[in-house]
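Asker: Let me begin by handing over the structure; questions about it come next.
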Amino acid sequence: MIFDAHHRGMSDLRLSLTDRCNLRCFYCMPRTHYNWLPKADMLSFEEISSLVELFLSMGVHKLRLTGGEPLLRKNLTKLICLLANKPQLEDFALTTNGVALAPLALSLKEAGLHRLTVSLDSLQPQRFEHISKRNSHRQVLQGIDAATQAGFPKKLKLDSVIIRGFNDDELPALLHFAHERNVEIRFIEYMDVAGALGWSWEQVVVRQEMLRRIEQSFGTALALEAADAAPAQRYQLSNGTTFGIIASASAPFCEKCNRIRLSADGKLFACLYASEGLDLKKELRAGKTPSELQQLIHSFWKQRTEKGAEQRLQLKNRRAFKTEKELLENPHLEMHKRGG
Ligand code: SAM
Ligand code: SF4
């Protein structure tokens with residue numbers, strides 16, 4: 001394992017497979033026009049496989065495929081097979097909006113994926129459309145059912161971004177939905193990541209408020225001890241239901257952040273909020289050997305000082321992180337480009 005300037009180990013790789021998405025969630029991709037990454041710039045499956053191998057040899061043991069929407073990547077199961085066979089890989093997950101999941105769930109599991117996280121912000125079709133600008137709620141629910149039936153080795157998780165005035169009244173209903181399906185749900189505070197152009201503190205429902213509202217419906221929630229460096233604080237209700245809250249806006253986990261992010265075109269980022277990345281694809285395509293690439297990653301991580309979310313928390317007049325103009329000038333800033 002290698003350690004950064006704050007002695008945080010590099011153990012969790014989040015790999016964006018594409019910057020394309022079949023939804024337009026207003027808190028992530030609010031615009032109608034985007035500068036998409038050119039197809040020729042996207043890492044091929046072979047390039048992804050050799051880069052993942054490098055990271056695994058350097059102490060990474062968790063891999064999450066994300067995006068954009070990772071299920072839009074063609075022949076995805078072929079890539080899953082390539083990656084799942086790597087012996088050092090202890091945890092192999094994928095985050096999806098679930099729209100294209102139903103027909104794919106079983107083949108993802110058979111290809112060797114360990115587990116899935118599906119994002120679900122609302123149980124109401126019209127509200128889902130209001131949030132995501134697409135009429136795909138039914139497909140998402142079918143995807144969740146297919147994922148629970150596929151029998152992945154590790155349990156399905158659901159992620160909900162809770163935003164005041166949009167879905168904060170659905171906390172109990174979402175929790176009930178997850179309980180009925182025997183899956184764990186995590187409620188995420190609305191973050192001011194690049195792309196969340198309309199972000200404001202007023203819309204953030206902080207952890208304590210979420211807890212209070214949940215306890216009003218279900219009684220006391222007991223805080224559970226953290227089993228690993230996962231950002232979610234987990235709780236248990238008296239009926240045995242467990243759930244998590246990720247307080248990424250009000251109580252960031254930068255201190256323990258062990259995540260490194262690779263964009264679909266091979267740029268390495270040390271933080272969701274970092275403005276610059278290391279162009280690994282350029283080095284790979286220039287013919288650098290695996291040990292030269294390891295050296296580059298090593299010095300990149302050793303110099304890592306970023307604590308982006310903590311710095312954002314110090315700001316007095318906290319508003320959206322970047323303007324539309326800044327995003328157009330540097331599209332790599334956006335969450336859907338570098339992998340959420
Ligand atoms: N498209 C996939 C999905 O939606 O699950 C994967 C990529 S998405 C960027 C990963 C996660 O980031 C989703 O759960 C999404 O809800 C979350 N996310 C996006 N923008 C966010 C924001 N402004 N605040 C908090 N979470 C956000
Ligand atoms: Fe797409 Fe996921 Fe962003 Fe929604 S959160 S726009 S589904 S990448």
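Nothing in this text is a laboratory measurement; each read-out follows from the coordinates by a stated rule. Source: prediction; values computed, not measured. Positions of Cβ are backbone-derived with ideal geometry, glycine not excepted, and every protein chain shown enters the neighbour counts.
Asker: Tell me which of H298, T241, L284 sits at the most positive position along the dipole axis of the range 227-340, charges placed on C-beta atoms (Lys, Arg +1; Asp, Glu -1).
Answerer: About the Cα centre, the residue reaching furthest to the positive side is T241.
Asker: Also: Return D159, D228 ranked ascending by Cβ neighbour count within 10 Å, so the fewest neighbours appear first.
Answerer: D228, D159
Asker: Oh, and also: What number, in percent, do you get for the relative contact order of the range 185-340 if the mean sequence gap of Cα pairs under 8 Å and at least 6 apart is divided by its residue count?
Answerer: Once divided by the residue count of the range 185-340, the mean separation gives 30 percent.
Asker: Another one. Under a point-charge model restricted to the Cβ atoms of Lys and Arg (+1) and Asp and Glu (-1), what is the dipole moment magnitude of the range 286-340 relative to its Cα centre, in debye to the nearest 20?
Answerer: For this selection, approximately 260 debye.
Asker: Could you list S136, S263 so that the one with the fewest beta carbons within 10 Å of its beta carbon is first and the one with the most is last?
Answerer: Going from sparsest to densest Cβ surroundings: S136, S263.
Asker: May I ask you to list the lysines whose Cα is less than 26 Å away from that of K157, ignoring any residue fewer than eight positions away on the same chain?
Answerer: K62, K74, K78, K86, K109, K133, K256, K337
Asker: Taking only Cα atoms, what is the 0 to 90° angle, nearest 10, from helix 171-180's long axis to the longest principal axis of the chain?
Answerer: Between the helix axis and the principal axis of the chain, the angle is about 80 degrees.
Asker: So, R0 is 41 Å and r is the distance between the beta-carbons of E255 and N85; what FRET efficiency does that work out to, to 0.05?
Answerer: The pair E255/N85 has a calculated efficiency of 0.75.
Asker: Would you kindly derive the ³J(HN,Hα) couplings of the range 62-67 from the backbone phi angles with the Karplus curve 6.51 cos²θ - 1.76 cosθ + 1.60 (θ = phi - 60°), listing them in order in whole Hz, with x for Gly and Pro?
Answerer: Taking θ as phi minus 60°, the curve returns 10, 10, 10, 8, 8, x Hz for the range 62-67.
Asker: Follow-up question, since we're still on this one. What number results when the radius of gyration of the chain, computed over Cα atoms, is divided by 2.2 N^0.38 Å?
Answerer: 0.95
Asker: In whole Å, what is the distance between the alpha-carbon centres of the range 147-189 and the range 1-62?
Answerer: Going from one Cα centre to the other spans 24 Å.
Asker: Starting from the amide H of R134, placed 1.01 Å from N in the peptide plane, find each other amide H under 5 Å away whose residue is 5 or more places distant or on another chain.
Answerer: R24
Asker: How far is helix 45-57 tilted off the main Cα axis of the chain, in degrees rounded to 10, range 0 to 90?
Answerer: For helix 45-57, the angle is close to 90 degrees.
Asker: Same structure again: Give the separation of the Cα centroids, the range 70-138 to the range 301-333, in Å.
Answerer: Taking the Cα centre of each part, the range 70-138 and the range 301-333 sit 27 Å apart.
Asker: Identify all aspartates and glutamates with a Cα-Cα distance to K39 below 17 Å; exclude those on the same chain that are fewer than 8 residues away in sequence.
Answerer: Partners within reach: D19, E47, E69, D265, D279.
Asker: Could you tell me the convex hull volume per residue, in Å³, taken over the Cα atoms of the range 175-289?
Answerer: Dividing the Cα hull volume of the range 175-289 by its residues yields 161 Å³.
Asker: Separate question: Relative contact order for the chain: what is it in percent, counting Cα pairs under 8 Å that are at least 6 residues apart?
Answerer: 23 percent
Asker: When a footprinting reagent is the concern and you count Cβ atoms within 10 Å, what order do R127, R14, R31 take, fewest first?
Answerer: Exposure proxy ranking, most exposed first: R31, R127, R14.
Asker: Express in nm, to one decimal, how much length is gained between H176 and L106 on full extension, taking 0.36 nm for each residue of separation and deducting their alpha carbon distance.
Answerer: Residue separation times 0.36 nm, minus the Cα-Cα distance, leaves 22.7 nm.
Asker: Oh, and also: Multiply the residue gap between R31 and S57 by 0.36 nm, knock off their C-alpha separation, and tell me the result in nm, one decimal place.
Answerer: 5.4 nm
Asker: For D279, list long-range residues whose amide hydrogen, built 1.01 Å from N in the peptide plane, is under 5 Å from its own amide hydrogen.
Answerer: L268
Asker: State the Kirkwood hydrodynamic radius of the range 1-135 in Å, one decimal place, computed from all pairs of distinct Cα atoms.
Answerer: With all distinct Cα pairs of the range 1-135 included, I get 16.3 Å.
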